[in-house]
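Asks: Please read through the structure below; I'll follow up with questions.
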Amino acid sequence: MTSKFGSDLFIDRHLGLGDNDERIMLNKLGFNNIDQFINQVIPEDIQIKDKSSEILPQGCSEIEALNELEEIANKNTKIRSLIGLGYYDNHMPKVIQRHVLENPRWYTSYTPYQAEIAQGRLEALFNFQTIVCELTGFPVANASLLDEGTAAAEAMAMSFSARKNKSSKVYLVESNVFDHTFNVLQTRAKPLGISLKRFTQSKLPNHDDVFGMLLQLPGKNGELYDPTFLISQAHRSEIIVTACIDPLAQVLIKPISEFGVDVAVGSMQRFGVPMGFGGPHAAYFACSEKYKRLIPGRIVGQTLSKNGEKSLRLALQTREQHIRREKATSNICTAQSLLAIISSFYAIYHGPSGLTKIAKRLVELRINLESSLAALGFDIPDGIRFDSVDVYSEHSHRIHNEALKNGYNLRILPLGSTIENSTGFGISLDELSNEKEIKDILTFIANIIEKEEDLEHIKFDKDFHLESLALRSSAWMQQDIFTNYQSETELMRYIFRLAEKDFSLVDGMMPLGSCTMKLNSAAELNPVSWANLSSMHPFSPPDQTKGYSKIISDLEKWISEIVGLKSVSFQPNAGSQGEFAGLLAINSYFESKGELLRKKCLIPKSAHGTNPASAVMAGFEVLTVECDDEGNIDYQDLSLKVKKFDNQIGALMLTYPSTHGVFELQIRKICDLIHSVGGFVYLDGANLNAQVGLCKPGNYGVDVCHLNLHKTFCIPHGGGGPGVGPVAASETLSPYLPTHFLMDNNLSNSFNFVSSAKHGSASILPISWMYIKMAGLSGLRKATSHAILSANYIAHSLKHKFKILYKGKNNFVAHECILDFRDLKSKTGLSVNDLAKRLIDYSFHAPTISWPVPETIMIEPTESESLAELDRFCEAMLLIGEEISEIENNHELKNNNVISNAPHTLKELIADNWQYPYSKEKASFPYKTPTNTKFWSSVSRINNAYGDRNLICSCNVNQNETLEEKKCA
Ligand SMILES: *Cc1c(COP(=O)(O)O)cnc(C)c1O
């Protein structure tokens, strides 16, 4: 290794603490060295004894890692993919690439739960919803889902819970719906007892027990049809109709809601997001008013602030899994925020006329391609199409080979066949298609059939027609946002104006317990923009994607080694989907053994809401296990339940260290107990940042676990996504991990499909590859140790003023600590929410509040923060502690004080009239020691209830006012 010669090791940049800081902090806690300290925190019997690994990298500089990854990425063959099937090449405008995708203000921000300091991305997401509403004609849309397949599955699940006749169990899927979408539906349908039936649109099957139906426009063969009659027939039988519609086709076609459908879903990928070998991309979900309280995922809605400013925040949160738990119909948590934001800026960049131009050009090119192919003697099917055509021909196999030689991937028909046994080829055009490309394609095809001369007579016409299909006839996207930012200067300023309203890692520590907001380094993120990673179609032939294969197999090896399990699937697009996939694996295993009664899933009370929601989706019945006063699983309660339900127990789902931030001592005993009755242990790996390199779940009894690469492994949070939630499994369960029909030949065991693409959000896997490569095993171990050290340093610094709720062995916490404020309300009338807002005045993003215990805050500093930043945070908390005492002792008013009025805005401060009974300085510059950091909240305290009573989740065109000026609606 070059490191011998003193190369600049990445890990020293990743860590916030230098050797001297480490010494100071250890001293404060009473230790001389870090190993001694860690020995006191992590139970002896689970610590890794052997500190070396043949498998994990040794760590290196960013130069070395980038060079190696570049070499690997070069093994991918970048050619034009006209395969379509939900993935299309396009151009991300550079102004968006540089100022959004590659701007840490956008990508390092958190899910916008602290709305006052998230108005920028909330507005961008609100714009996304506005665009979806304008496209589909529906009044309500959410702020993104994970991908097209899962969005369709969410629509099915929503239809199922909204159905009138509770005995109906059949869901109809039109034959032209993508097969990969159908597979995802199948996986979701089975545990719910839904049976899927395929049909062709020309004939609605006669079923009394049908509750819903899914159509796709254009379908997998490119065909568009008018679904009006079909829908009216379906409605007569109270069937809830969902259409999966390509947003670019929707630019031309009359809004799908006007055809009568109840729900519209689809992928916004072709709005400026690279194919990225399958993801990440934002899916959309829109529906009529009637279903607004059943919509899955996050919705941004308008409301008012305390001072009457129009502002935005996440609406109707009581629908979500973190409130509804096992009663939730969806487990979605992390979605695709950043990608939704990129798509929204793409639509703003082009505006309605630009989008129309792109969509029309596609149709014109496709018409010319078809007529030329017909002139060459090919059979062009009848019907209306948008961008795609399927052609069956005896020359198919030669055409595919010639296409490859000329740099094109065509769709191999029938789907699932190989070039050798193919009988046809399909072509899907996209934003990058042009006349030259069509001529290129026609030329090599004409060569094959020896009709070059015929080609000379072919003329290209600017012919546009979509036959009998109803097109968009009235003006749309008339809001000012779609016309005000057509110049790059204006768009650049708009992007930055929004970004500056948001608190991100650029501004300071974001100590969000359980969410691990660590450094997302520039070197890790840089490869995401490399063309030979971003432009790959997920269904490209394997010999073109050898670079990805290598990245994915490296990452699988490394992660298997880190968690001590056999294999890993990267298909799940978020932790919640990893949970679903892992539990399905358990389910499938038991089914294969004929143990059909193992349907109980034990889940501790303290679990994240996604756990019970996922368990129900996977067909389990949730049994809640109590926790003791220390925050550990109540072993007695657990053993009673294990005894009682015995061979009905499928799984225990636990988080380790617990969501209370404690390393339970009995973890092995707990796992053994579950195994003793034949059940499996599922680990929610959200807290893996306390374990990497120090202990391995597989070694202490875990059978299957998910990881959140967007927590532990440096993928940024993106303001609420993308995420990657790979699921790792033991040898026994590995055969049941997710699979893919187009990309796996060997479907012997698993029929579990949890995403549309085999490797889910493949294009962001290089981020985690870079992290592990650069950190190496010793770096990872040091990162974990520092994360634990920092959390204990904070707990130690604050324990004199606040109660630390849970502690483990020897009175230490793990990588996060919980402060107890449950008596705050009775003493002062304040809640932890007030404290969260007050931290904004101190220029901090709040920690996680009221989870897993109401009226507590959970602080997770991670390993990336410096000692100075940790001290600044402790100082802020201690000063807030003093403010609480002043209120408690009646030195300040209970209902009008620095905390209850927080955050204080610049506008309030400079107003002629200062309205509060304390000084401006105390309100807005509260630190005793001067600091250079000052973050201003762009609005005063937001009123949530008002917005939920008056739901507005898109910019109403009739007012023609921009939200930017706070006038919308
Ligand atoms: C974040 C988190 C999840 C959910 O992960 P997503 O990626 O948001 O779906 C589940 N459990 C715990 C403990 C978490 O912190």
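The values are calculated or read from the model by the stated rules, or taken from the named source; none is laboratory data. All values reported here derive from a predicted model rather than from experimental measurement. Note that each Cβ is placed from the backbone with ideal geometry, even for glycine, and that neighbours are counted across all protein chains shown. We work out accessible area using only protein heavy atoms, side chains counted, and drop any ligands, DNA or RNA first. Shrake-Rupley method; radii C 1.70, N 1.55, O 1.52, S 1.80 Å.
Asks: Stokes-Einstein at 25 °C, 0.890 mPa s, Kirkwood radius from Cα pairs: D for the range 527-773 in µm² s⁻¹?
Replies: 134
Asks: Continuing with this model, one more query. Set the Förster distance to 22 Å, then compute FRET efficiency between Phe460 and Lys357 from the Cβ-Cβ distance, nearest 0.05. Could you put the intermediate results ahead of the total?
Replies: Details: r = 17 Å, r/R0 = 0.78.
The pair Phe460/Lys357 has a calculated efficiency of 0.80.
Asks: Per the 1.4 Å probe, what fraction of the accessible area of the chain, in percent, lies on carbon and sulfur atoms? Spell out each step's value before the answer.
Replies: On the way: 16200 of 33680 Å².
Accessible surface attributable to carbon and sulfur in the chain totals 48 percent.
Asks: Along the positive direction of the dipole of the range 1-140 (beta-carbon charges: Lys, Arg +1; Asp, Glu -1; about the Cα centre), which of Leu9, Leu66, Gln40 reaches farthest?
Replies: Ranked along the dipole, the leading option is Leu66.
Asks: If you don't mind, another one. Please list Phe460, Phe285 from largest to smallest accessible area, probe radius 1.4 Å, with all protein chains kept in place. Present the calculation step by step, with values, prior to reporting the outcome.
Replies: Details: Phe460 55, Phe285 0 Å².
Highest to lowest solvent-accessible surface, that is Phe460, Phe285.
Asks: To continue, here is another question. Which FRET efficiency, nearest 0.05, do Lys669 and Leu906 yield, Cβ-Cβ r, R0 51 Å?
Replies: 0.40
Asks: Between Asn956 and Leu597, what length in nm is gained on full extension when 0.36 nm per residue of separation is reduced by their alpha carbon distance? Let's see the in-between values first.
Replies: On the way: separation 359, 0.36 × 359 = 129.24 nm, distance 5.17 nm.
Using 0.36 nm per residue and subtracting the Cα-Cα distance, I get 124.1 nm.
Asks: Quote the charge dipole size of the range 2-68 about the Cα centre in Debye, to the nearest 20; the model charges only the Cβ of Lys and Arg (+1) and of Asp and Glu (-1). The partial results should precede the final answer.
Replies: Working: 6 positive and 13 negative charges, 47 e Å.
It works out to roughly 220 debye.
Asks: Okay, next question. Go through Lys203, Lys934 and list them by solvent-accessible area, largest first, probe radius 1.4 Å.
Replies: Details: Lys203 140, Lys934 55 Å².
Accessible-area ranking of Lys203, Lys934, largest first: Lys203, Lys934.
Asks: Contour minus end-to-end for Val677 and Lys644, with contour as 0.36 nm per residue of separation and end-to-end as the Cα-Cα distance?
Replies: Working: separation 33, 0.36 × 33 = 11.88 nm, distance 1.07 nm.
That pair, Val677 and Lys644, stretches by 10.8 nm at full extension.
Asks: Towards the positive end of the charge dipole of the chain, with charges on Cβ (+1 Lys, Arg; -1 Asp, Glu), say which of Thr931, Ser53, Val832 has the farthest Cα.
Replies: Val832
Asks: Which residue, chosen from Ser343, Leu466, Asn913, occupies the Cα position most advanced towards the positive end of the dipole of the chain, where the dipole is computed from +1 (Lys, Arg) and -1 (Asp, Glu) charges on Cβ about the Cα centre?
Replies: Result: Asn913.
Asks: As I understand it, the value is the acute angle between the Cα axis of helix 488-499 and the longest principal axis of the Cα atoms of the chain; what does it come to in degrees, rounded to 10?
Replies: In the chain, helix 488-499 runs at an angle near 40 degrees to the longest axis.
Asks: If you don't mind, there's one more thing I want to ask. Taking a probe of 1.4 Å, how large is the accessible area per residue of the range 351-449, in Å²?
Replies: Numbers: 3760 Å² over 99 residues.
So the range 351-449 comes to 38 Å² accessible per residue, rounded to a whole number.
Asks: Tilt of helix 832-841 relative to the longest C-alpha principal axis of the chain, in degrees (0 to 90, nearest 10)?
Replies: 90
Asks: Moving on to the next point. How large is the accessible surface of His457 in square angstrom, using a 1.4 angstrom probe and rounding to the nearest 10?
Replies: Rounded to the nearest 10, that gives 140 Å².
Asks: On the full set of protein chains, 1.4 Å probe, figure out the accessible area of Leu839 and give it in Å² to the nearest 10.
Replies: 0
Asks: Can you tell me the relative contact order of the range 832-943? Whole percent, Cα pairs under 8 Å, sequence separation 6 or more. Don't skip to the answer; put the middle values down first.
Replies: Values: 119 pairs, mean separation 40.7, N = 112.
Normalised by residue count, the contact order of the range 832-943 is 36 percent.
Asks: Helix-only estimate, please: 222 nm mean residue ellipticity of the chain, summing -39500 (n - 2.57) across DSSP H runs of length 4 or more and dividing by its residues, to the nearest 500.
Replies: Numbers: 31 runs with 349 residues, N = 969.
Computed ellipticity for the chain at 222 nm equals -11000 deg cm²/dmol.
Asks: On to the next question. Using r as the Cβ-Cβ distance of Phe751 and Gln36, and R0 as 51 Å, what FRET efficiency do you calculate, to the nearest 0.05? Before the final figure, lay out the partial values.
Replies: Values: r = 50 Å, r/R0 = 0.98.
Result of the calculation: an efficiency of 0.55.
Asks: Something else about it: Highest mean first, what order results for 22-32, 405-415, 144-154, 265-275 on Cβ atoms within 10 Å?
Replies: On the way: 22-32: 15.0, 405-415: 18.5, 144-154: 30.3, 265-275: 27.8.
In descending order of packing, they fall as 144-154, 265-275, 405-415, 22-32.
Asks: Any idea how far apart Arg23 and Arg398 come out in nm if each label point goes 7 Å out from Cα toward Cβ?
Replies: Spacing of the two 7 Å Cα→Cβ label points: 7.8 nm.
Asks: Zone of Trp914 (label point 7 Å along Cα→Cβ, backbone N under 12 Å): which residues in the range 921-945?
Replies: Counting only backbone N, you get 921-925.
Asks: Note the angle between two axes, namely the Cα long axis of helix 765-798 and the longest principal axis of the Cα atoms of the chain, as a number of degrees from 0 to 90, rounded to the nearest 10.
Replies: So the helix axis and the longest Cα principal axis differ by about 30 degrees.
Asks: With +1 assigned to the C-beta of every Lys and Arg and -1 to the C-beta of every Asp and Glu, and no other charges, what is the dipole magnitude of the chain about the Cα centre in debye, to the nearest 20? Kindly include the intermediate steps, with their values, before the conclusion.
Replies: On the way: 96 positive and 111 negative charges, 402 e Å.
Dipole of the chain, to the nearest 20 debye: 1940 debye.
Asks: A further question follows. How much of Thr334 can a 1.4 Å solvent probe reach, expressed as accessible area in Å² and rounded to 10?
Replies: Thr334 exposes around 10 Å² with every protein chain in place.
Asks: Roughly speaking, what is the centre-to-centre gap between the range 71-111 and the range 403-465 when only Cα atoms are used, to the nearest Å?
Replies: Spelled out, the Cα-based centre of one part sits 26 Å from the other.
Asks: Now a separate question. Taking the Cα-to-Cβ direction at Ser549 and at Gln233 and moving 7 Å from each Cα, how far apart do the two end points lie in nm?
Replies: If labels sit at Ser549 and Gln233, their model points lie 4.6 nm apart.
Asks: How much length is gained on full extension from Glu258 to His322, taking 0.36 nm per residue of separation minus their Cα-Cα distance?
Replies: Values: separation 64, 0.36 × 64 = 23.04 nm, distance 3.43 nm.
So the extension gain works out to 19.6 nm.
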